[in-house]
Amino acid sequence: MPSIIIELYNGRLDPIELQTPPEKTAAKVLDACARKFSRGVGSLSPKDKPNLLLEDNDVVAGGVTYVFTPIAGSQGKHDPDSMEEQAPLKKARTDPAGREEIAARANKKLPSPSSFAKPSGEGGWTHPKLRELQQYMCFHRSPHDIDTQTTPVVLLDPILAQVSHDCECATPTDADCKFAGLVASAMSQAFADEEQRMQTFWQLLEDEFNVTFQRAKYHNAETDGSFIHLGGMLVNIEVKNEIGSGGGAIHIQNAAYAAAHAFQAKKVRGKSVCPTLLIELAGPNMSLSGAVYTDMALCDQLSPMVSLLWQPHSRLMVQAARCFAAIRNALPNLRSFYEALDQQALEQQEPTRQLEYPYKTSFVGPHGTAQHLLYHEKLSRTCFKATLDSQEGLVLVKFCKSYSKDAHTCLSSHGYAPNLVAIASLTDGWFMVVMEFVTGCLWDEAPQKPVATLQAAVHLLHQAGFVHGDLRSNNIFVLADSVRVIDFEWAGVMEQSTYPLFLNHIDVTWPDGAKDGQPIKQEHDLWWLKLLCDQAAASLVAYC
């Protein structure tokens, strides 16, 4: 009887072999995979056709190798690598037909957003029957599996990136403070039901921002207020009379409405990522989120849930005023965006950007000339393979919240790091780093490990007064008898650079003293260096 081979998406566990009687369906295979790999629910696809996801009732074929990919939010073990690197690598779709096919399939399978928001029940967002749909939607990020491969919304749309920045950093104007007080005065009251709270909130927003909300219908459910203009959903509101009422996750329900609109709005979907500002109101509490559609529907929170209680001497009201400043800035920008998009549709223009990739596609080069990027492949949630229109060869484009140009150039000038092309600042504190694309192998994979060269690189970095902070093997490339050190996000001047908050303490053993927010020290780099050298010695003994 023919058998099938099932591999985990990242190949870190041994494959499993299953006998395949004629009635073996994908659903039965998926149940076996979930038990074997301890990864919860997931999807199944032929290894040679990774974008072909099998339906539950599809019969699997004998003699074929399949790949099992866990679903976002399913319960399972953490991967052994860092938080940033445990996602499966895949080529992002670049053809419009791929996006259209996904939208059509997702729209067909999406249940009522109010049902989808509930974690239990057949229509709930974690139910096994919605495996395929969950491949095309990411609203609830968790520190493992597929959630780690989706690019942050703030890198996919500049308007939503500005919202995120304003929610944290904006200086509220007199108008913002007055409106925050007005809303707090109204929302701190008790309401008999959700409808009454919703109508009151509507009226406040409509009067202040000169917009008109309507209840839009999607999949047998109605929104709690949508501002739709020229086919685009600019704003969507989800209201709960109080926290915990309504029986569903307010953020997921709001995101599901935005996704439903994007799945159906073919005119705007074909030329944009359908940016939507989401407002969640639960009693006297409000948060802002952002939704887009690339080759999947994505949503991220852009603000915390802020209090709308009347507390004029509390910093909590300042947070609310910042959120209203963000809304005030975003609305005209979203309106202008969709009006320009409508003009493109009339003129039958092609999209002005690659819709599956970050919005940032150009930068000013060292000689003051504009450089343009063409993305080719997504390597991780924030790293991409690309080419420049001004030169031959591949470049790596990395997006991060900090980067030490000086530490990088210290090593690259001596051939110990990739050549640095440019660093550009983006909204919301992000940087785009463009560098030479390295084609060597990682330290772990190199049969011959140039220990002396790596020691020389670390010594040079320390002599120049810098520390790296993350000299793990996955940040060391080997090219023949040389090395290229990468990932200078944490690197910087000795005695000044600190570790970021939220280090991965689950899967990584750090040197003594390497703690969240604490200084990065030379001895930490040397601890990693000794580990790498010991690994090289062990592999040499094994080789001999």
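The values are calculated or read from the model by the stated rules, or taken from the named source; none is laboratory data. A quick note: this is a predicted structure, and the numbers were derived from the prediction, not measured. FYI the Cβ positions are ideal-geometry reconstructions off the backbone, even for glycines, and counts take in every protein chain you see. For the accessible areas, the whole protein counts, side chains as well, though only heavy atoms, and no ligand, DNA or RNA atoms are used. Shrake-Rupley method; radii C 1.70, N 1.55, O 1.52, S 1.80 Å.
Here are a few things to note about the model shown:
- Residue 385 accessible area, 1.4 Å probe, all protein chains in place, Å² to nearest 10: 40
- The stretch between residue 424 and residue 193, if pulled fully straight at 0.36 nm per residue, gains 78.3 nm over its current Cα-Cα span.
- Cα-centred dipole magnitude for the range 453-544, charges only on beta-carbon of K, R (+1) and D, E (-1), debye, nearest 20: 120
- Extension reserve of the residue 353-residue 506 stretch, reckoned as 0.36 nm per residue once the Cα distance is removed: 51.3 nm
- Only helices enter this figure: runs of n ≥ 4 DSSP H residues, each worth -39500 (n - 2.57), summed and divided by the residues of the chain, yield -10000 deg cm²/dmol at 222 nm to the nearest 500.
- Nearest 10 degrees, 0 to 90: helix 451-463 Cα axis against the chain principal axis: 60
- In degrees, nearest ten, helix 96-109 long axis to first principal axis of the chain (Cα): 60
- Summary of the geometry: the range 519-535 and the range 454-505, compared by the centres of their Cα atoms, lie 9 Å apart.
- Computed over protein heavy atoms with a 1.4 Å probe, the accessible surface of the range 417-544 works out to 48 Å² per residue.
- Accessible area of the chain belonging to carbon and sulfur atoms, whole % at 1.4 Å probe: 52
- Between the C-alpha center of the range 99-124 and that of the range 385-448 there is a gap of 39 Å.
- Antiparallel bridges, percent of DSSP beta bridges restricted to the range 234-327 (to nearest 5): 70
- Using alpha-carbon coordinates, inclination of helix 250-264 to the longest axis of the chain, degrees: 90
- For the range 313-341 versus the range 172-220, the inter-centroid distance based on Cα atoms is 14 Å.
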